Each structure stands twice: as C-alpha cells, then as structure tokens.
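Colleague: Supplied in structure tokens, the structure appears directly below.
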Amino acid sequence: MTFKDFNLKQPILQAIDEAGFTEPSPIQKEAIPLILAGNDIIAQAQTGTGKTAAFGLPMLNMMRGDGSVEGLVIVPTRELAMQVSDEIYRFGKNLGLKTATVYGGTSYDKQIERIKQASVVVATPGRLQDLLQGGRIKLSPKFVVLDEADEMLDMGFLDEITAIFEYIKNEDRQTLMFSATMPPQIRKLAEKILKDPKTVTITKSESTNTSIAQHYYVVEEYERDDALVRLIDYKNPSKCIIFCRMKKEVDRLASHLTSQGFKVGVLHGDMEQRQREVAIRGFKSGAVDIFVATDVAARGLDVNDVSHVFNYHIPFDSESYVHRIGRTGRGGKSGEAITLVSPNELRTIKRIEKDVGTKIVTQSIPSKSEVQSGKKDELIAQIASTKITEHAIEIVKTLQHKIDIVAIAHMLASMLVEKQEIKGKEKIGFKAEDVEKLLQKAIAGRDDRNRRGRSGGSRGKPSFNRSRNDRDGDRRGDNRPRGDRDRKPSGGQRSNKPKSDK
C-alpha cells in the first residue's frame, strides 16, 4: 500500500514525497480512510508510530482554505506542539495552509495575530483555555484532535480540556482522539465529546519500529562514562541523542563529553523556553552532533537523521523506553538504540523487552585496540579519497627543502592519528557470553527472594533511589517555582507530573 491509495490531493502527495515517506504505517493505514469518510475516531497507538500524519493528512485534505481556523490540535507539551505544528505545515505548505503554535511562556498578542492567519492551530491546554476564557479568540473548527490524551490526563489537564470544548461551538465538528492507553477517565471524556466514534487499536508488535536495531551492553556502574565514549567512538553516529534520568546528570555528562572533544547540546526541564528552542534548532541544523537530554525530549522531538539513541541509564518504564528509541529510525530510515545496563538491572531490561514485544540483543563493548584498528581503516580510506589541493602542494614543496618526503608523510599521518586517539582502558564491561550467567544468577536471586517472601520474610523489590528534587519532575517544560509544581492536578487523578504550559 502507498499513500496514493488514499486518493489525497496532489499537493499533499507531493509534500509526502518530499518528506521521504513511502509506505503508510499501521496507524495511518487504519485511521486515514476512517477520517476521510467523516468519522470521529478513538485511536490507541504508541508514540512514534506516525500519528501526526494519521490525523494531519486527512484533515488537510478536507480543508477548504477559507481563511478561518479549520483545524485545532491539542497536545500536552510545548515541545510536542512545535513538532506537530512543523509537521502539519510541511504536509500543507503546497496548499498554502498556515499553522499557528500556541503555548505558555510567549506573548499573547503575537500568538493571537498568528491564529488570525492560520488554518490549523496546535495548542497546549492551559494557554488555549486562557485565550478562549478571556474572550481573546473564538474558534469554530471543523476538526478537533486530542493528541496524547492519556498524557494530558496524567498532567492534570482534564478540566482544561472539558472547558475548551464548552467554548468550541461547532456541533458538526469531526473529533479525533489519539492515546497510548485508555484509562476510564479518557473513555468517559471520549463518550462526552465524540459522536459514534470508530475505534482503531494498534498492538505493541505493530507499533514497534522494526527499522531500529536494539542492543544493550552490561557494564559496572563506574564504567558508564567510559563505555559511552567508547561506543560513540565505535559507532561513529552522524547525530545521536543520549537520555539521562536526571537534570544534574545531563549537565555533568554534557560537560564530560565536551571535554572529550564532542559537539554537545542539552535539553532538560530547568531550561527557559527560548533556551529549549535554540538547543533544538542547533541540533536540527547540525551545530551539535550529540544531544544529552532527559525524557522531556522523548515526546515530540522530531529529527529525521538521528542515527543512534543511547540510554545512559535504563528508563523507569517500558513506555519511556518506546518514546526514547522512537527518536531514531524515523522517516523510513534505519536507526540503532543502545542501552547501558548494570548487572542489577538485567531483570529490568528483560521486563522491558517482554513489554515492548521485541528482541533487545546483548553485545560486548569493543576493546580499545579493536576500535583503534577500525579507525585506522577509516583513516586510510579517507586519505586515499582526499582531493589534492594547490595549497597542500605548496606546503609539501616548502617542507621538502628541509625534510625528506617520507618523513613528511609520516608526520602528517601522525597528526591525523593523534586526532583519532581512543581513550580509556583496554576492556570495558562484560562480554556477551558472560551476560547469560549474570541473567541466570539474577533469576535465581529473584526466585530465592520470592520463596522467602512466601515464608514470611521481606520480598525484595527493585527500586530506584531517587529524590523528588533529582528527578526531571518538570520534564514537560514547567519552569514555575518548585512550590507550584506539586499541587494536586484536576480530574481526580493523583500525579506528580505538573502542568507545563501556563
């Protein structure tokens, strides 16, 4: 199946072709025909499965371009708002359709002016409710999309979303809801705002991106930095994201990698919105090759040429793992996801492997001499393909008066080799063949704890020793003072995840 089978307008097909998309993903195959037929839908699918195109393409195809806001997309975070807006603009640019991005932390007046010129508005709930409640804008869109509905529930936005629909007066609208999970509150909301919706469910096996090779390396805790640098040297990524659990970890690791000569950028919850935008722009443009980030970047960061994702620490849950690795292997390209795991975390990586429904293969970290040998081959190929310039000929002629030509070649090669020096100890981490023994030991330990638990002893449960202040608790982009972040969110759902856009 191709996108042509949907009978989309030619300008949209041209934009799809320019974006490099070929075959529709499972969610696109299921959802696009239903939306084109005029149905409200509830679509359950993981992030990274192509949801934006699944609702964006049919919505754009049915728009008239009459100068009004015809489409409204509500998303949980600022980062996702920017990414969704960019993607919809990319698909609709040949139709002359404009998008406006609405979120907190920026000028009301500028956003209102952009809304007046837009066909599609992509907004976070808090700022959108402010604009509607204050009477600054009026919207009667033909299409309304709730993207990442369960995430908005977790962040306490249920009341805001309910209020927004009170201000949207178009009863003939087509409403589309996308969510990774379907908790009772989301189902209740769907019953209230959707009309006879069709249901689309993409299973875990269908949502896993088969173009992403997934590997894990077992290392001791103190070896993480050396292991990461060794793997970057070995894999030689064109552009990569390294995910950490905590903000302070991001800053420390970025400083360490910078000292090793890498071009590094960072993204975490303590950054102001303008800093975030500059950081993301620098990563997209190639000003930095390595992006060190907390999970704030896992949702919505859309860069098509990310070749590798590194998990410096294993994520806290399977869903976070899917979000993280989904930053590579996009736009039909292949990618690789690499996770560093300590011996104590082996059962956790196996649980994630089971939850995600894919194989995560263990590998050995190459030795220093193995990487150096590979670099030598690369250097020889690079020298052999280098074009000789007039300036280089002049330099060699000048040197020849004092130094033998063979010695000159040795000196120049030495300069190049020095730049490719591989640092660290010769061997890092556990060999793949030793990991099976560690796994068996971990399983035996778990069984022993379970037996003791049934006998009345304490049952050992894995835990992460982390304080609230260390976590990226504002990972959705909230820059409010710490005291404002911990209030109980609305919607009857207890959560430590804060609202991010007011």
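No lab work stands behind these numbers, since they all come straight from the coordinates. Since the model is a prediction, treat every value here as computed from it, not as a measurement. Glycine also receives a Cβ, built like all others from the backbone with ideal geometry; neighbour counts cover every protein chain displayed.
Colleague: Between beta-carbons, use under 15 Å as the cut-off and find the net charge around E436, counting Lys and Arg +1, Asp and Glu -1.
Modeller: On the way: positive: R347, K350, K359, K431, K437, K441; negative: E353, E433, D434.
Surrounding charge for E436 is +3.
Colleague: Related question: Could you compute the FRET efficiency for Y234 and K198, with r as their C-beta to C-beta distance and R0 at 41 Å, rounded to 0.05?
Modeller: For Y234 and K198, the calculated efficiency is 0.30.
Colleague: Give me, ordered by chain and number, the residues 5 or more places off I242 or on other chains with an amide H under 5 Å from its own placed amide H.
Modeller: F291, V292, A293, F310
Colleague: Oh, and also: Loop only by DSSP, 16 or fewer other Cβ within 10 Å of the Cβ. Give me the chymotrypsin sites (Phe, Trp or Tyr not before Pro) in the stretch 303-355 that pass, ordered by residue number. Write down the numbers at each step before the final one.
Modeller: Working: sites: F310, Y312, F316, Y321; in loops: Y312, F316.
Those satisfying the criteria are F316.
Colleague: Continuing with the same structure: Sorted from fewest to most neighbouring beta carbons within 10 Å, what does the list M177, M62, M271 look like?
Modeller: Numbers: M177 25, M62 16, M271 19.
The most exposed by this proxy come first: M62, M271, M177.
Colleague: Averaging sequence separations of C-alpha pairs under 8 Å and six or more residues apart, then dividing by the length of the stretch 3-206, give the relative contact order as a whole percent. Kindly include the intermediate steps, with their values, before the conclusion.
Modeller: Values: 356 pairs, mean separation 58.9, N = 204.
Result for the stretch 3-206 is 29 percent.
Colleague: Going by amide H atoms built from the backbone, whose H comes under 5 Å of the H on Y216, apart from near neighbours?
Modeller: T339, V361, T362, Q363
Colleague: So which trypsin sites (Lys or Arg not before Pro) in the stretch 239-312 end up in coil per DSSP with only 14 or fewer other C-beta atoms within 10 Å?
Modeller: Working: sites: K239, R245, K247, K248, R252, K263, R274, R276, R281, K284, R299; in loops: K239, R245, K263, R299.
Qualifying residues, ordered by number: K263.
Colleague: Could you tell me whether the stretch 3-206 comes out rounded, prolate or oblate from its Cα gyration tensor? Rule is a ≥ b ≥ c as square roots of the eigenvalues, rounded for a/c under 1.5, then prolate if a/b exceeds b/c, otherwise oblate.
Modeller: Working: a/c = 1.57, a/b = 1.13, b/c = 1.39.
Here the stretch 3-206 falls in the oblate category.
Colleague: Then there is this: Order by neighbour count: L13, L267, fewest other Cβ atoms within 10 Å first, most last.
Modeller: Working: L13 19, L267 23.
Least to most surrounded, the residues fall as L13, L267.
Colleague: Show the residues, 5+ positions off or on another chain, whose built amide H is closer than 5 Å to the amide H of V73.
Modeller: V121, V122, A123, V145
Colleague: If you don't mind, there's one more thing I want to ask. Within the stretch 335-378, report the trypsin sites (Lys or Arg not before Pro) that DSSP leaves as loop and that have at most 15 other Cβ atoms within 10 Å.
Modeller: Numbers: sites: R347, K350, R351, K354, K359, K368, K375, K376; in loops: K359.
Those satisfying the criteria are K359.
Colleague: Separate question: Quick one: Y167, Y89, fewest Cβ neighbours within 10 Å first, how do they rank? Show your work: numbers first, answer last.
Modeller: Values: Y167 16, Y89 21.
Least to most surrounded, the residues fall as Y167, Y89.
Colleague: If you average 1/r across every pair of different Cα atoms in the stretch 369-419 and take the reciprocal, what Kirkwood value do you get, in Å? List each step's numbers first, then the result.
Modeller: Details: mean 1/r = 0.0813 Å⁻¹.
Value: 12.3 Å, from the Cα pair sum.
Colleague: Sorted from largest down, what three extents in whole angstroms do the Cα atoms of the stretch 209-365 have along their principal axes?
Modeller: 39, 35, 28
Colleague: In the stretch 1-50, what is the volume of the convex hull around the alpha carbon atoms, normalised per residue and reported in Å³?
Modeller: Values: hull volume 4.1 nm³, N = 50.
Per-residue hull volume (Cα only) is 81 Å³.
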